[in-house]
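Below: one structure, written as structure tokens.
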Amino acid sequence: MDDDDLPLAHHAARLVVEEGLEYAEAKRKAARQLTGGGRGRRAELPSDDVLEDAVREYLAIFAADTQPGELRALRELAQRWMQRVSEFRPHLGGAVWRGTATRLSSLRIDLYCDEPKMVEIAFLNQGWDFDSRGGEREGPFVLTLAAPCRALGESVTLHFIVHDADAVRGALQPDARGQSWRGDLPALNRLLAST
């Protein structure tokens, strides 16, 4: 991506941080806004790596005093929930794992088991209020709930994405820079201990 495309990445980064948008949605919205609604002109969307760099830069400039505390609160919340669902081999992903999360970010926890309905039954048995979607042809099975986060003084959305048990083998594949896209509970514990 050349320097002419960086304004789109920077605009998308602002949307990620200030509105809590996921990367794909932020890139599309930034492109629409910068091209006047997309009439006739299509912008090249930045890669996730370029956008993540722009998000880190934005956070360093505009949220350096608040973001580290918010990230820690979200990671501690993820830690508690990963302990609760430990039987499904949870792995934390997304902005909370990668270190770019703010109080507007949701938690993304990947679960691995033989039968997605086992997770749903476990959630029902715990009395957790959740929504479910997906499965089979509709994409991955996702359970979503809101959990209070005392440190932030508000609820946080948690998305549990259920994968086939065998998919855990590829879960820790690194990105092009050698960083992992997700980590298990021991890896999260090490992150928390180092900050």
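Every number here is computed from the coordinates shown, using simple stated rules; none is lab data. Small disclaimer: the values here were computed from a predicted structure and weren't measured. Using ideal geometry, Cβ is built from the backbone for each residue, glycine included, and neighbour counts are taken over all protein chains shown.
In whole Hz, with x marking every Gly and Pro, tabulate ³J(HN,Hα) for segment 142-154 from phi via Karplus 6.51 cos²θ - 1.76 cosθ + 1.60, θ = phi - 60°.
Listing the rounded values in order: 10, 10, 10, 8, 10, 10, x, 10, 4, 4, 9, x, 7 Hz.
If Rh is defined by the Kirkwood formula over all Cα pairs and Rg also comes from Cα, what ratio Rg/Rh do you get for segment 26-87?
Over the Cα atoms of segment 26-87, Rg/Rh equals 1.19.
List, in order, the whole-Hz ³J(HN,Hα) value for each residue of segment 44-54 obtained from phi through the Karplus relation with A = 6.51, B = -1.76, C = 1.60 and θ = phi - 60°; use x for Gly and Pro.
6, 7, x, 5, 4, 5, 5, 5, 4, 4, 5
Given R₀ = 22 Å, FRET efficiency for residue 29-residue 150 by Cβ-Cβ distance, to 0.05?
0.10
When the Cα atoms of the chain are enclosed in a convex hull and the volume is divided per residue, what value in Å³ results?
Given the Cα convex hull of the chain, per-residue volume reads 142 Å³.
Could you size up the charge dipole of segment 5-121 around its Cα centre, putting +1 on the beta carbon of Lys and Arg and -1 on that of Asp and Glu, and report it in debye to the nearest 20?
Rounded to the nearest 20 debye, it is 340 debye.
Considering the chain as a Gaussian network with a 10 Å cut-off on Cα pairs, which listed residue, 55, 16, 85, attains the greatest mean-square fluctuation?
So, out of 55, 16, 85, the one fluctuating most is 85.
Can you compute the charge dipole magnitude of the chain about its Cα centre, using +1 on each Lys and Arg Cβ and -1 on each Asp and Glu Cβ, nothing else charged? Give it in debye, rounded to the nearest 20.
The dipole of the chain has a size of about 280 debye.
Can you pull the semi-axes for segment 114-195, root of five times each eigenvalue of the Cα gyration tensor, sorted largest first, whole Å? Working shown, then result.
Details: eigenvalues 114, 92, 27 Å².
Equivalent ellipsoid semi-axes, largest first: 24, 21, 12 Å.
What residues qualify as long-range amide H neighbours of residue 21, i.e. H under 5 Å apart, gap of 5 or more or another chain, H built at 1.01 Å from N?
16
Just to confirm a number: summing +1 for Lys and Arg and -1 for Asp and Glu over residues other than residue 154 whose beta-carbon lies under 14 angstrom from that of residue 154, what do you get?
Net local charge, residue 154 excluded: +1.
Kindly write out, for segment 94-111 in residue order, the coupling ³J(HN,Hα) from the Karplus curve 6.51 cos²θ - 1.76 cosθ + 1.60 (θ = phi - 60°), rounded to whole Hz, with x marking Gly and Pro.
x, 5, 5, 5, 6, x, 10, 6, 10, 4, 8, 7, 9, 8, 10, 10, 7, 10
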